[in-house]
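FYI, it's all coordinate maths here, none of it is from the lab. All of these numbers come straight from a predicted model, not from anything done at the bench. In this analysis, Cβ positions are derived from the backbone assuming ideal geometry, glycine residues included, and neighbour counts consider all displayed protein chains.
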Amino acid sequence: DKAPRRSPPGRPGAAEGCTRGRGGPGRRRRAGGQARGAMSALFNVIALLTVVLLGICTCTYLRSLRPTLFDTAPPLGPDGQPVPGAKPRHDGFIGLAWKASRIGERLSLYVSAACVLMALQILIS
């Protein structure tokens, strides 16, 4: 019962709604439905916190299964034996995982509360 709308001159495709929509005026949508200006997890603070929290929980769980998983060998002396009283090194990615597991162990109450808050936030949004 309605006649199809025609595109205004100089704006092809505007009548079909490809330049207007939930992304705001003038934002074209990609094939997946995301606007061109959609943020990745690195620039979205909530997504970044979720990734960090999941990393802490994962490292803590892995350390509970194998307590020496993230420990590297202590420094060796000139005779090839470990230096007495030397602590294991925690460098690089393994050191980061060790620190995340320590945070999960020592601040388990706060980490679990943050997990509950993140779950509620995901359910609400």
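Close amide H partners of L69, meaning residues 5 or more places away or on another chain with modelled amide H under 5 Å apart, do not exist here. Projected label points at Y110 and L54, each 7 Å from Cα along the beta carbon direction, are separated by 2.3 nanometres.
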